[in-house]
Structure formats: structure tokens, C-alpha cells
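Here the structure is laid out as C-alpha cells; the discussion comes afterwards.
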Protein chains: 2
Amino acid sequence: MSQRPRVVIVGAGFGGLAAAKALRHLDVDVTVVERTNYHLFQPLLYQVASGLLDPSEIAHPVRSCLRRVSNARVVMAEVRAVDLEARRVDTTAGALGYEHLVVATGSVTAGPGDPPSERQVLGLKHLEDALRLRAHLLACFEEAAHTTDAKARRRLCSVAVVGAGPTGVEYSGAVSELIRHVLPKDFPEIDFADSSVVLIEAGEEALAGFAPRLGRAAARSLRRKGVRLLLGQPVHGVSDCGVRLRGGSVEAATVVWTAGVRSTAASLLPADTLDRRGRVQVTSALCLPGHPEVFAIGDIAAAEERGPAAAMVAPVAIQGGQHVARVIEARLQGRPDPEFRYRDKGTMATIGRGSAVAQIGPVRLSGFVAWVLWLLVHLLYLVGFRSRTIALASWAWNFFFYDRPVRLIIDRPGDGG
Amino acid sequence: MSQRPRVVIVGAGFGGLAAAKALRHLDVDVTVVERTNYHLFQPLLYQVASGLLDPSEIAHPVRSCLRRVSNARVVMAEVRAVDLEARRVDTTAGALGYEHLVVATGSVTAGPGDPPSERQVLGLKHLEDALRLRAHLLACFEEAAHTTDAKARRRLCSVAVVGAGPTGVEYSGAVSELIRHVLPKDFPEIDFADSSVVLIEAGEEALAGFAPRLGRAAARSLRRKGVRLLLGQPVHGVSDCGVRLRGGSVEAATVVWTAGVRSTAASLLPADTLDRRGRVQVTSALCLPGHPEVFAIGDIAAAEERGPAAAMVAPVAIQGGQHVARVIEARLQGRPDPEFRYRDKGTMATIGRGSAVAQIGPVRLSGFVAWVLWLLVHLLYLVGFRSRTIALASWAWNFFFYDRPVRLIIDRPGDGG
């Protein structure tokens with residue numbers, strides 16, 4: 001039986017992985033529990049969904065990521081419950097006791113109010129979502145290729161993306177390029193004047209988290225790429241035919257929901273630790289009030305007053321994970337808990353081939369320069385050398401040949417396709 | 001309404017695709033009907049199953065393959081029935097009339113006698129099979145990593161491959177390398193002395209279709225790679241625990257069945273056109289007797305007396321497809337049907353990293369030289385330039401670093417994992 005403090009980390013996303021890596025030099029035993037066997041580079045998920053990258057280019061086995069972290073072990077399992085009093089995590093692979101617990105389970109797609117079925121709305125949060133979306137979209141065009149009903153054909157060739165945050169903007173730009181530049185070569189029998197990509201946003205601007213100038217630049221760039229923008233249009237419902245808005249509807253066989261995500265904290269932590277949006281109200285050391293041995297980081301943690309530190313983005317999760325290791329180190333040395341300070345390194349979003357927006361401190365960039373910067377930053381962060389080289393090759397291929405290498409329907413959606 | 005003869009090709013495997021391409025210069029309208037939206041380079045499927053290649057490296061959209069064939073169109077659909085009298089194919093995308101029909105639907109895995117459930121036996125014939133096998137194998141090792149029962153752990157770390165034909169030999173060599181050289185880095189908690197790969201063959205030799213000397217060379221090479229060979233051992237049954245043999249059993253959580261394939265002709269063509277093994281007895285022009293307008297090529301066609309021309313391998317299908325175009329051309333020109341003559345270009349099988357066997361006419365090669373030849377030939381045949389470069393990069397990576405790039409469990413098998 002080990003005498004070293006046991007740290008259990010639930011989730012191997014950006015936050016959990018950063019925590020495990022930062023704990024490498026401490027005298028603790030780390031166990032990372034993750035539902036899947038891979039770490040997902042979620043910011044590029046939309047590129048799998050739009051047929052540009054293969055899953056293995058953005059997903060990396062957790063065990064490989066932590067191969068050089070000798071005090072960490074990995075358990076592929078689902079967490080059933082957390083017992084805060086007994087300090088124990090119950091998983092499908094058995095119970096794990098802990099001295100420190102790090103909850104980093106992230107968020108999931110939160111669909112529209114009256115829950116439509118999965119085949120009506122597609123999320124873009126998990127690897128399975130991206131593969132399902134890719135297969136669904138391609139199957140719609142296959143069906144359109146031999147459909148004689150003109151109205152049905154238009155609907156099959158139309159994509160509605162709900163939510164003009166970074167994911168919605170990036171996916172609608174990428175899918176519009178796919179539909180305008182790549183699919184016409186594969187489907188000579190389809191009149192692509194029938195196709196459309198509509199980006200629907202309840203707010204008055206695209207990319208609400210960015211400077212207004214950049215939101216407008218993104219909107220211009222999207223329109224140039226053939227995306228129709230509907231701003232100030234809350235969605236009233238989704239049906240088999242498409243999206244219902246206040247003053248009408250958008251007919252589309254493919255509806256992608258990027259308008260909301262929900263913290264997964266509620267399934268693991270007691271309700272009294274959560275705010276009204278389901279996020280954990282953490283202390284300045286990122287702990288649960290009353291439970292200093294339990295940390296919550298990334299998308300599930302909230303600190304409303306902190307501004308950018310409360311955003312559901314990878315840098316917040318990574319810095320949170322690194323902070324947890326600093327707190328545990330301080331406690332092992334008998335020092336007081338350090339406070340979490342988020343260092344905002346800026347944020348960016350890409351709008352397809354050769355166009356992006358970026359804000360880094362006071363600097364605002366848009367267009368091609370921002371896109372090159374985006375490419376460099378994302379390559380830098382992509383886990384694993386092989387992923388990096390192959391992803392770069394795919395992007396170069398796409399840039400020069402306007403082609404998409406990955407257009408496979410491996411699992412046809414059962415009914416929806 | 002087109003006045004040109006309509007050629008319907010069912011199946012976009014090696015045979016169907018070769019026929020469509022060879023018909024490019026004729027004055028006919030070609031429709032290729034395929035269940036999936038891709039052409040699968042089946043000889044490398046075992047590399048997806050053993051985590052070396054990504055699906056998109058061996059699967060290519062049918063529409064891309066035929067992009068430059070201006071008289072061909074593609075319909076993604078399943079064929080429900082063929083009406084030979086009405087000369088009509090009924091598909092899930094509607095009915096297709098034809099003047100010439102080419103049936104090239106290939107073969108499927110034919111499991112052991114008393115049909116075990118899918119979770120007991122995994123095939124290696126479709127892309128889904130390979131992904132399911134990869135996920136199942138990796139999930140078994142994940143489970144073994146936290147299982148305390150020693151007997152269960154040994155079973156989870158053991159793979160039984162049934163059938164020592166090319167697929168069985170190639171997969172067992174590849175999976176043994178994966179288990180011996182790659183997984184130990186990922187699973188430090190597993191004692192790999194518990195793991196095993198067993199190749200079970202009813203006949204007395206591996207690679208029965210090859211020269212006996214090459215079969216023995218393959219067996220030696222497999223043993224060096226840590227594969228246990230059980231020759232002359234017909235399988236009596238498969239259970240959740242493994243494979244039952246005459247004199248005992250092999251405990252394995254992963255059982256891969258490569259010992260038999262079955263022609264798919266029976267689902268489309270009348271029973272009186274089939275031999276007792278379900279293959280179509282074709283004429284020397286590769287037509288159905290009594291139906292010269294219907295061709296059967298590839299795995300579904302038989303001509304027992306022809307020897308190598310009856311083998312279920314890609315070259316037979318490709319040459320069959322090309323022959324169909326020659327026959328149709330002759331008929332358009334009022335000439336008699338040419339006879340099919342198979343040109344045996346040799347056959348090869350690889351046994352993992354740096355070892356293969358090949359026989360080309362009177363030449364017999366084994367070891368590293370044969371492997372380099374195998375690499376060159378397969379790269380040459382791989383469809384699409386990108387697949388070629390990326391597959392080569394993956395192979396080089398594997399050869400120099402002894403690593404497997406693709407170890408993702410994307411869809412965990414529901415119960416079997």
C-alpha cells in the first residue's frame with residue numbers, strides 16, 4: 001500500500017491532462033480516470049466534422065500522452081459517483097480512494113428547450129458527434145443525388161448551424177467551403193445553387209466574446225464564403241424539416257447545434273456546490289468551498305467575477321490544471337494555497353481557408369495574417385509529433401488543392417441518413 | 001432519355017471499379033451502385049485493425065475514384081433484388097433498368113458452424129469489422145489493466161486468430177508486433193508474459209495457396225514474432241472464453257475469424273446459377289449461362305477448372321472487370337465475345353515488420369526482400385495519391401520507431417468490451 005498522497009483526476013481533457021503533467025515532479029500517486037481512451041484536441045473537432053482531418057489527427061491515446069509521467073496511471077472507466085465524505089470515487093473499473101480529487105469533466109452540448117431527437121440536431125463536442133455529423137451530411141448529399149423531388153433536394157443540400165460562437169463560425173465556414181468547392185466535383189448530378197449554409201444566432205453579433213470589430217470581420221468573411229447569416233434570431237424549435245424562427249423557418253436536413261453547452265458537474269458533485277448554470281463555484285484556489293481537497297477546473301468551474309478566467313476555453317482549463325499542481329505542492333510543503341490568476345493569452349477563431357480573427361491583448365488581427373497565426377498556434381498545441389506533421393500535410397493539401405481528403409461514411413446514421 | 005446502352009455495376013470493389021474505369025471509352029452509360037460511399041483497399045484492412053493505418057488511408061470515396069470517368073455515375077444504395085427477366089435492379093434509391101449488368105458484390109465472412117454471436121467472433125472483411133476489432137482489442141487491454149483476477153487478465157490479453165490464409169497470417173503477425181512492442185509502453189501495469197497470439201489452422205500448413213517452402217518460411221517468421229501456431233486443428237466451437245479445439249481449448253477474449261468467406265451472390269442471383277459453394281458458374285466470357293447480358297466477376301464468380309483464376313483475390317476481380325469491358329466493346333462492334341484469360345501476376349503476404357513471402361511465376365521470395373517488394377506493390381495499387389504518401393509515412397514511422405499511430409477506441413463495443 002502506497003503511503004504517498006493519492007490524487008485522482010477525473011477527465012483527460014485539457015485541464016485533467018495539464019494537472020497530471022504538472023504533478024509529475026511531486027511525491028504523489030496520480031490516477032487519471034477517463035471515459036474514452038484518448039485525449040481530444042477539441043478546438044479542431046469541426047475539421048473532422050467537415051472532412052478535413054482524420055480522428056487520429058486530433059485524438060491521442062491518454063496513455064501515450066502520459067507515457068513519460070511515471071507517477072501517473074490511467075484508468076479507462078466511467079465515474080458513477082463521488083463520495084465527498086468517504087473521499088472515494090466509484091467507477092465502472094472499481095473504487096478509487098483519494099487525498100486530492102480533481103474534477104475536470106468538461107461540458108456537453110445543451111440542446112434547444114423542447115428536446116428534439118438526436119437525429120434532428122447534431123452536436124459538435126465529442127469525436128462521435130463529429131463522425132456522425134460528417135456521415136450524416138455526406139449521406140444527405142448521396143440522397144440528394146438521386147432524389148427527384150426538388151423541395152426535398154434543396155432541404156437535403158442545406159445546413160443550418162445554430163450559434164455564432166467560435167465553433168459555429170468555424171464549422172459553418174469550413175462546411176461552406178466543403179459544399180462549394182469540393183462536393184461539386186463529386187456530385188455532378190446536383191445543382192449546387194440548391195445548397196445553402198445558414199448560420200443562426202440569437203444575439204446581434206457573431207463571435208460575441210470578441211471585439212465587435214472582429215465579429216464584423218468574421219461576418220463579412222463568412223458571407224464571402226457563401227454563408228447566410230441570420231443575426232438576432234432566437235430559435236423557437238427544431239423539426240425534421242429544419243429550424244423554426246420567430247418570423248419563419250430555415251429548411252435544412254442537417255441542423256448543427258453549437259448554441260449552448262452545459263457543465264457536467266451536476267452528475268458528480270452535490271447540487272449545493274453549483275450555481276444556477278450548473279457550474280461549480282470554486283474558491284480562489286479552485287477548490288470546492290468546505291472541501292479544500294476537491295478541485296474543479298475547466299468548463300465545469302465558474303468564477304463569474306473573473307471575466308475571461310470563466311470562459312469555457314482550453315487555456316482556462318490548462319492553467320487551472322497547472323494551478324492545482326501548485327496548490328498541492330504548496331500544501332505538501334506546508335505553505336498556504338496560492339491564488340489562481342488567469343493569464344489571458346488571447347483568443348482566435350478561423351473562418352475557413354485563409355481567413356481568421358485573433359485578439360491578443362490590445363492587438364486585433366483579421367484575415368490572412370490572423371489565419372497564419374492561428375495555424376502556427378494550433379500546430380504548436382496539437383498533441384504528438386505525428387499528428388502535427390500529418391495535420392499540417394492535410395491543411396497544406398486543402399489549401400493548395402481545395403480538396404478534402406476524408407469523405408467517408410463509415411457509420412451511416414440509422415434512420416436519419 | 002438516353003439511347004446509349006445502360007451498364008449497371010453492383011459493387012465498387014476491385015472488380016466493379018475496374019469495370020467502370022475500363023468502360024470509360026465506350027459509348028455506354030455506366031451506373032455504379034455501392035452500399036457504402038467508398039472503395040476499400042481490402043488487402044490492407046488488417047493494418048487498420050492492428051492500429052497502423054487510419055480508415056481514410058485505405059478507403060477512398062467511390063465518387064473520387066470515378067471523377068474522371070465522365071460516362072459513369074454513382075448511386076449509394078443497397079440492392080434489394082435483381083429481376084433478370086425485366087432487366088431491372090431494385091435498389092433503396094429506386095429501380096435501374098439495364099442492357100448490361102455486372103454483379104461484383106464480393107464475399108463476406110463465413111463464421112463457424114454453430115453461429116456464435118458477433119461479440120464472440122470478429123470478422124475482418126469490412127471497414128466496420130476492422131474498427132470494431134481495433135476497439136475491442138484495445139478495450140480488452142484497458143480492462144486487463146485494472147483486473148485483479150489473473151485468469152481473466154490472461155484471457156483479456158490473448159488473441160486467437162482462426163485461419164492461416166493470407167489475412168490470418170498478416171493480422172496475427174501485425175497484432176503480435178502491436179502487443180509485444182507497442183502496448184507495453186502504454187500499459188506498464190500489465191505483465192505481457194500473460195499475453196499471447198495464437199494462430200489456429202485446420203490444415204497442416206500455413207498459407208496453403210502458396211508453395212510449401214513459403215508456408216514454412218511464414219510459419220518460422222510468425223514464431224519468431226511470438227505467434228503460437230496450431231496447425232491441423234479444426235475449430236469445434238467458439239464461446240465467450242475462447243476457441244474449442246479437438247484436444248482442448250484456447251482461452252482468448254478476442255477471436256478473429258478469417259477461416260472462411262462466402263460469396264454474396266445468393267442474395268441477388270437465382271439459386272440455379274450458383275454452385276454448391278454459392279459462387280456463380282460463369283461462362284468463358286464471365287456471363288451467366290442463358291443470360292449473356294449479366295456478368296459476374298470477382299469473389300462471387302467461380303470457374304473451378306481455372307485454378308488461380310478462381311481465387312478470391314484482387315487481381316482476379318480487376319482482370320475480370322477489365323474483361324467485361326472488352327466483351328461489351330466486342331458486342332457493340334458485332335464481334336464474338338472474347339474469352340477470359342487470367343494472367344497470374346503472383347501473390348504475396350506480409351508477416352509484419354520486415355518480413356513477407358512472395359511467389360511470382362517460378363520465383364519464390366521470403367524475408368526482407370519479399371517485404372520490400374510487397375511494400376512497393378501495395379503502394380502502387382493504393383488508390384489515390386494522398387493515401388499513398390500518408391500510408392508510406394505511417395509505415396516508415398512504424399518501421400523506425402516501432403510505434404502504432406492509431407490506437408483510438410472510438411466506438412466501444414456495447415457488451416463485448
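The values are calculated or read from the model by the stated rules, or taken from the named source; none is laboratory data. Treat the numbers as computed from the prediction; the structure is a model and nothing was measured. Neighbour counts are summed over all protein chains in view; Cβ atoms, including those assigned to glycine, are modelled from backbone coordinates with ideal geometry. Heavy atoms of the whole protein, side chains included, go into the accessibility calculation; ligands, DNA and RNA do not. Shrake-Rupley method; radii C 1.70, N 1.55, O 1.52, S 1.80 Å.
Quick notes
- Among the residues of the stretch B:353-377, those identified as out of contact with any helix residue (DSSP H, G or I) (no Cβ under 9 Å at 6 or more places or on another chain) and in a helix (DSSP H, G or I) are B:Phe368, B:Val369, B:Trp371, B:Val372, B:Leu373, B:Trp374, B:Leu376, B:Val377.
- Residue under evaluation A:Gly51, criteria (1) at the interface with chain B (Cβ under 10 Å from one of its Cβ atoms); (2) part of a helix (DSSP H, G or I), criterion not met: (2)
- Residues that are in contact with a Lys or Arg (Cβ under 8 Å, 6 or more places away or on another chain), surrounded by 14 or more Cβ atoms within 10 Å (Cβ to Cβ) and either aliphatic (A, V, I, L, M) or part of a loop (DSSP other than H, G, I, E, B) (or both), drawn from the stretch B:228-280: B:Leu229, B:Gln233, B:Val235, B:Val238, B:Cys241, B:Ala252, B:Ala253, B:Val261, B:Ala265, B:Gly278
- Index of the failed condition, B:Gly97 passing every other in (1) over 24 Å from the mean Cα position of the chain (by Cα); (2) modelled with pLDDT under 90; (3) of a type in the set (Gly, Ala, Ser): (2)
- One residue from A:Asp191, A:Asp186 being more than 14 Å from chain B (Cβ to nearest Cβ) and either open to solvent by 60 Å² or more (accessible area, probe 1.4 Å) or at pLDDT below 95 (or both): A:Asp191
- B:Asp90, sole failed condition from (1) farther than 30 Å from B:Gly168 by Cα; (2) of a type outside the set (Phe, Trp, Tyr); (3) in contact with a Lys or Arg (Cβ under 9 Å, 6 or more places away or on another chain); (4) at the interface with another protein chain (Cβ under 10 Å from one of its Cβ atoms): (4)
- Scanning the stretch B:163-177 turns up no residue that is open to solvent by less than 10 Å² (accessible area, probe 1.4 Å), outside any loop (DSSP other than H, G, I, E, B) and within 14 Å of another protein chain (Cβ to nearest Cβ).
- A:Glu204 being surrounded by fewer than 19 Cβ atoms within 10 Å (Cβ to Cβ), touching a helix residue (DSSP H, G or I) at 6+ places or on another chain (Cβ under 6 Å) and assigned to a loop (DSSP other than H, G, I, E, B): no
- Just one residue in the set B:Ser355, B:Ser284 is farther than 19 Å from B:Arg87 by Cα, touching a residue at least 40 places away in the same chain (Cβ under 8 Å) and open to solvent by 30 Å² or more (accessible area, probe 1.4 Å); that residue is B:Ser284.
- The residues of the stretch A:61-72 that are at the interface with another protein chain (Cβ under 9 Å from one of its Cβ atoms) and in a loop (DSSP other than H, G, I, E, B), listed by number, are A:Arg67, A:Ser70.
- Filter pass, B:Ala193 being assigned to a helix (DSSP H, G or I), under 25 Å from A:Arg68 (Cβ atoms) and small (Gly, Ala, Ser): yes
- Considering the conditions (1) open to solvent by 30 Å² or more (accessible area, probe 1.4 Å); (2) within 11 Å of chain A (Cβ to nearest Cβ); (3) within 21 Å of the chain's Cα centre (by Cα), B:Ile58 is excluded by exactly one of them, (1).
- Single residue of B:Thr91, B:Thr109 found to be touching a strand residue (DSSP E or B) at 6+ places or on another chain (Cβ under 9 Å), β-branched (Val, Ile, Thr) and modelled with pLDDT of 90 or more: B:Thr91
- Evaluation of A:Val75 against (1) of a type in the set (Val, Ile, Thr); (2) within 11 Å of another protein chain (Cβ to nearest Cβ); (3) over 20 Å from B:Val182 (Cα atoms); (4) buried (at least 19 other Cβ atoms within 10 Å of the Cβ) (one fails), failing number: (3)
- Within the stretch B:391-410, restricting attention to residues that are more than 17 Å from B:Leu45 (Cβ to Cβ) and modelled with pLDDT under 70, the residue that is most open to solvent (accessible area, probe 1.4 Å) is B:Phe400.
- Among the residues of the stretch A:287-303, those that are in contact with a helix residue (DSSP H, G or I) (Cβ under 6 Å, 6 or more places away or on another chain) and either part of a loop (DSSP other than H, G, I, E, B) or surrounded by fewer than 21 Cβ atoms within 10 Å (Cβ to Cβ) (or both) comprise A:Ile297, A:Ala303.
- Those residues of the stretch B:5-47 which are buried (at least 24 other Cβ atoms within 10 Å of the Cβ), assigned to a helix (DSSP H, G or I) and not small (Gly, Ala, Ser), in sequence order: B:Phe14, B:Leu17, B:Leu45, B:Tyr46, B:Gln47
- Pairs linking a residue in the stretch B:88-105 that is of a type in the set (Gly, Ala, Ser) to a residue that is open to solvent by 20 Å² or more (accessible area, probe 1.4 Å), with Cβ atoms under 7 Å and 6 or more positions apart or on different chains, are B:Ala93/A:His146; B:Gly94/A:His146; B:Ala95/B:Arg88; B:Gly97/B:Arg6; B:Gly97/B:Arg87; B:Gly97/B:Arg88; B:Ala104/B:Gly13.
- Selection within the stretch A:137-162 - surrounded by 24 or more Cβ atoms within 10 Å (Cβ to Cβ) and either closer than 27 Å to A:Gly203 by Cβ or away from every other protein chain (no Cβ under 13 Å) (or both): A:Leu137, A:Cys157, A:Val159, A:Ala160, A:Val161, A:Val162
- Per this entry, B:Gly215 is not counted among residues that are open to solvent by 10 Å² or more (accessible area, probe 1.4 Å) and either at pLDDT 95 or above or not aliphatic (A, V, I, L, M) (or both).
- Matching residues, the stretch B:315-352, being open to solvent by 60 Å² or more (accessible area, probe 1.4 Å), in contact (Cβ under 8 Å) with a residue 40 or more places away in the chain and not in a helix (DSSP H, G or I): B:Asp337, B:Glu339
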